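Reviewing the structure listed below.
Just so it is clear, none of the values below were taken in a lab; they were calculated from the coordinates. The model shown is predicted, which means the values in this text are computed figures rather than measured ones. All Cβ positions, glycine included, derive from the backbone under ideal geometry; neighbour counts span all protein chains shown.
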Amino acid sequence: MNIAIVTGSGGLIGSESVSFLADKMDLVIGIDNDQRAYFFGAEASTKWNKERLENQFDNYKHYALDIRDYAGLQHIFEAYNTDIKLIIHTAAQPSHDWAAKEPLTDFTINANGTLNFLELTRSHCPEAVFIFTSTNKVYGDTPNYLPLVEHEKRWEIDETHRYFKNGIDEQMSIDQSKHSIFGASKVAADVMVQEYGKYFGMKTAVFRGGCLTGPQHSGAQLHGFLSYLMKCAIGGNEYTIFGYKGKQVRDNIHAWDLVNMFWNFYKAPRSGEMYNAGGGRFSNCSMIEAIELCEKITDKKMKYTYSENNRIGDHIWYISDVSRFKEHYPEWEYKYNLESTLTQIFDNLKSRV
């Protein structure tokens, strides 16, 4: 029997993973206790998504467990043991703003929760593939010291520095930088996932995401950039741009494209790997450009204000260089660009109104 466990299964990447795996695995187990509603309020609840998965897939089984509950998680692993072939760990406290309010909660979820799954995997199904959704915040604010040039609508890398023409790769240091409390907890988890691969020989991989996005995102002001932006565009709510003249650049990867990266890794796993995983040069935008695209899709002007105060540790310019993953898995390609992704988000949000 082939079983996959997906943590954070009601969230964006978790639910996309469930959908992707449903016709490939005998059973997909989801673990999600809707902590997102606690972090960001009722509007960010993933309850609707969890119910959608249960209704859509007969081989989906949901557990409303806290990933800090080692004993509760152990019951699941004991029940299925070596039938578990894949663990996709997406559950997290995902906001660097929120983490500063409750550092203990943030760390125990992001770091200790990840360690729980690594150790349970090692104890019960050591041959399983373990995939972890990390973040570009592990690099802290080091990207802000790159040579940047200001353009009309965005910041961009200085063209004379050709090393970064494809974006930021895995050689960037994670030391001597301000990570945010969230970034630090994800660093701890990121390094531990690598270590279980390198030390114990397990098939582990870390994917350091840029902006992860897609139609199943329950966007909120503190997390879910494109989803929340489109929600404001549709509802006529005021959006706040925080710092950098609204020219800060993010690369955006559709959840399906990211999960397809996971699947390519699962089919030919390695030990202790880490990959930058974002939209790269294929799909990226500044805040200003994203607002303009939302206005184009909704056919109405957005309301927004500007605050000079950027978020602590926030990136001015971040584009992922995915060359390393492409070198290892040359068959993988992007499917969704920025406009098609935002159009999907628009259609999904309108259907839920």
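Miscellaneous remarks
- Kyte-Doolittle mean at least -0.5, axial Cα span of 27 Å or more - DSSP H helices of the chain: 180-200
- The ranking of Tyr334, Tyr196, Tyr266 from fewest to most other beta carbons within 10 Å of each one's beta carbon is Tyr334, Tyr266, Tyr196.
- Within-13-Å neighbourhood charge of Asp34 [Cβ basis; K, R +1; D, E -1]: -1
- Labels on offer are [x] 25; [y] 17; [z] 51, and the one holding percent of Cα pairs over 35 Å apart computed from this structure is [y].
- Between Ser323 and Glu51, residue separation times 0.36 nm minus the direct Cα-Cα distance comes to 94.2 nm.
- Packing-based exposure ordering (other Cβ within 10 Å, fewest first) of Asp321, Asp251, Asp347, Asp58: Asp58, Asp347, Asp321, Asp251
- Using R0 = 41 Å, the C-beta based FRET efficiency linking His75 and His151 works out to 0.15.
- The stretch 110-227 - Debye-derived log10 I(q)/I(0), Cα point model, q = 0.10 Å⁻¹: -0.41
- log10 of Debye I(q)/I(0), alpha-carbon scatterers only, for the stretch 1-150 at 0.11, 0.15, 0.17, 0.20 Å⁻¹: -0.44, -0.77, -0.96, -1.24
- Cβ crowding within 10 Å, taken as a proxy for footprinting-reagent exposure, orders Trp263, Trp317 from fewest neighbours to most as Trp263, Trp317.
- Once the Cβ-Cβ distance of Glu127 and Glu295 is raised to the sixth power relative to R0 = 41 Å, the FRET efficiency obtained is 0.25.
- Rel. contact order, % - alpha carbon contacts under 8 angstrom, at least six apart, the chain: 19
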